[in-house]
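Below is one structure, written out as structure tokens, with a few remarks after it.
The values are calculated or read from the model by the stated rules, or taken from the named source; none is laboratory data. Keep in mind the model is a prediction, meaning the values are calculated, not measured. Don't worry about glycine lacking a Cβ; one is built from the backbone with ideal geometry, like all the others, and counts go over all protein chains shown. Note: accessible area is taken over every heavy atom of the protein model, side chains too, but ligands, DNA and RNA are not part of it. Shrake-Rupley method; radii C 1.70, N 1.55, O 1.52, S 1.80 Å.
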Protein chains: 2
Amino acid sequence: MKKLINSPENVVTEALQGMEAAHGDLLKVHFHPNFITRADAPVPGKVAIVSGGGSGHEPMHGGFVGRGMLDAACPGAVFTSPTPDQVHAATMAVAGGKGVLYIVKNYTGDVMNFQMAAELVLAEGIPVESVIIDDDVAVQDSTWTAGRRGVGATVLAEKICGAAAEAGQSLAEVASLCRKVNAEARSMGIALNSCTVPHVGKPTFELTGDEMEIGVGIHGEPGRRRGKLLPADGIVEMLMDPILADLPFKVGDEVLLFVDGLGGTPLIELYIVYRKAAELARKAGLKVTRNLVGSYITSLEMAGTAITLLRLDKELTGLWDAPVLTPALRKGV
Amino acid sequence: MKKLINSPENVVTEALQGMEAAHGDLLKVHFHPNFITRADAPVPGKVAIVSGGGSGHEPMHGGFVGRGMLDAACPGAVFTSPTPDQVHAATMAVAGGKGVLYIVKNYTGDVMNFQMAAELVLAEGIPVESVIIDDDVAVQDSTWTAGRRGVGATVLAEKICGAAAEAGQSLAEVASLCRKVNAEARSMGIALNSCTVPHVGKPTFELTGDEMEIGVGIHGEPGRRRGKLLPADGIVEMLMDPILADLPFKVGDEVLLFVDGLGGTPLIELYIVYRKAAELARKAGLKVTRNLVGSYITSLEMAGTAITLLRLDKELTGLWDAPVLTPALRKGV
């Protein structure tokens, strides 16, 4: 295991200390329990948005805390759900009197722990809504999930709902918007190699020199099948075809095309993927009016990519374009 | 070789097509010869700033083209200098009547080819100044260089000089500023593994399972020595000590701390590196007032990190803070 770490048990704490040192102007990092809030939290009169999940997917979610996006993020251990007390503490730190939205990726532990936190918070009289993100078309159930996994749509929902909350929308409105983003988004990913969870010390799965995992999950959980490595264009077709078929997207739809890197894939390759994905979207009659290219949801050092398509309308486009000021996403400020 | 590519000979062209498709609002991509310009180039009455170098270091330089940074970038083949005709064509496309600054990393091919382009451009009556960036303290000469290599200071110089050009400074002023950034910056990097140039098909160098290359170059060229892998904090000390000693930085100096990922290193590890680097800077009496954390100068999928310290004054801080709108760096717009 070759990593820039000191010891497996300190990875999350030290990375959080690094975030605090680097982004103290935007964020406050809290320890025991661990959570990250906007520096100016709580923001009175605004719906607060809280997300979280296992660490190892950076910049998600801590890198998305800030004006116009998340109020708080709860990082669990690597690839491990945050605990209910983390989510509860984060919620109490950011609730601004207008209720709290939990954006939860559909993994069994995350769903359960955010649910337990919601019960604690509701008992204290703070209104909470939870929206489950499950945009990954690769598999229906998985080793980590009942139903589909939550992946790329999470970032888009956090950005769009963050803008809506900033604009003063109510909890019911922001939650409804979040469900809409999830309903209009589809994703699928592929891995060229595995990743190593620090405290495990060996790769999560094994791929031979010419194999890829098609439909891989963000913890390395199995996808649809394993196949021989193809040229990039063939890989992009294998991701775009199920995505396009699933919603289904229709001729004339405006879409946001998000090409994500899984952590070990360089940007030059993501642009090769983007080129083909945009071409296939055009051929399907879609109009790519917005995009995002980069490593925003990662799986430690896994090499690979994931594609997300989000159908846009005027409302979603406007909220996507709204100002945002976070460590990982910045626009208009 | 496991990469998201179609064929080694098409990597650069297809990545440029992807950039064009993704960032057509900010950039124009030209082919044969290949160069990228601001969408609104030439900007009349502004010093134009042109940089370039081998591909495989993305987002450098194409991702830094846009308002407040570069007017043009010239991408060569992977790890190969751009040709004089690329640089010449890019220059003619962006020269806005106030002269052109070339920001050139100190690699033999880059220096020679930018020099030849400068002669062509000067012959057409356009004033050109070239500034060579050579901030890497690892080695004095290298397989690719007479003198020190140019690394992290390049991004900082491009941002700072871009802001100065935008503010209306003259060519002499912007060139002088660029020399100042280079003079006030020091860098050093480390690799945990190698990278594979697509048309070569095998790793540039070989590291065993527990080795690291200390002072590695951005093309995988040898550094100071090879050593056994250390915990992150030990690695950061091995990078910070020579950096701090070289300028030398002094107690009370304000600095920008830039922690770069080499392409295959996930963000969670970069924050662990940042944490220790910031701590060592503080212990040396420095005040880290600005920072940058992310993969901005990469070496394909190489795992590793590089640290850059830039001594700031009021002028450099103000220009660093100025608005910038590029695919890879965005602030205030």
* Asked: When only residues in region A:231-250 that are within 14 Å of chain B (Cβ to nearest Cβ) and acidic (Asp, Glu) count, which is least open to solvent (accessible area, probe 1.4 Å)?
  -> A:ASP233
* To do: Among the residues of region B:8-48, count how many are without any contact (Cβ under 8 Å) to a residue 12 or more places away in the chain and either in a helix (DSSP H, G or I) or open to solvent by less than 50 Å² (accessible area, probe 1.4 Å) (or both).
  => 5
* Note down all Cβ pairs under 9 Å where the first residue falls in region A:219-235 and is in the same structural domain as A:ASN193 (by TED's automatic domain parsing), the second is at pLDDT below 95 and of a type in the set (Asp, Glu), and they're at least six residues apart or on different chains. => A:LYS228/A:ASP210; A:LEU229/A:ASP210
* To do: Scan region A:279-306 residue by residue and report those that are open to solvent by less than 30 Å² (accessible area, probe 1.4 Å), more than 7 Å from every other protein chain (Cβ to nearest Cβ) and β-branched (Val, Ile, Thr).
  => A:ILE297
* Looking at (1) more than 9 Å from chain A (Cβ to nearest Cβ); (2) in contact with a helix residue (DSSP H, G or I) (Cβ under 6 Å, 6 or more places away or on another chain), can you tell me which one B:LYS276 breaks? -> (1)
* Only listed residue being open to solvent by 30 Å² or more (accessible area, probe 1.4 Å), hydrophobic (A, V, I, L, M, F, W, C), in contact (Cβ under 8 Å) with a residue 40 or more places away in the chain and not assigned by TED's automatic domain parsing to the domain that holds A:ILE307, chosen from A:ALA167, A:ALA175 -> A:ALA167
* To do: Return yes when A:ALA157 is open to solvent by less than 10 Å² (accessible area, probe 1.4 Å), touching a residue at least 24 places away in the same chain (Cβ under 8 Å), on the phi < 0 side of the Ramachandran plot and more than 16 Å from the chain's Cα centre (by Cα) and no when it is not.
  => no
* Asked: So B:ASP210 fits all but one of (1) closer than 12 Å to B:GLY227 by Cα; (2) open to solvent by 40 Å² or more (accessible area, probe 1.4 Å); (3) of a type outside the set (Ser, Thr, Tyr); (4) within 22 Å of the chain's Cα centre (by Cα); what number is the exception?
  -> (4)
* Any chance you could count how many residues in region B:287-330 are assigned to a strand (DSSP E or B) and at negative phi? => 18
* **Matching residues in region B:322-333 - criterion: being out of contact with any Pro (no Cβ under 7 Å at 6 or more places or on another chain) and either free of Cβ contacts under 8 Å to residues at least 60 places away in the same chain or of a type in the set (A, V, I, L, M) (or both)** => B:ALA322, B:VAL324, B:LEU325, B:LEU329, B:ARG330
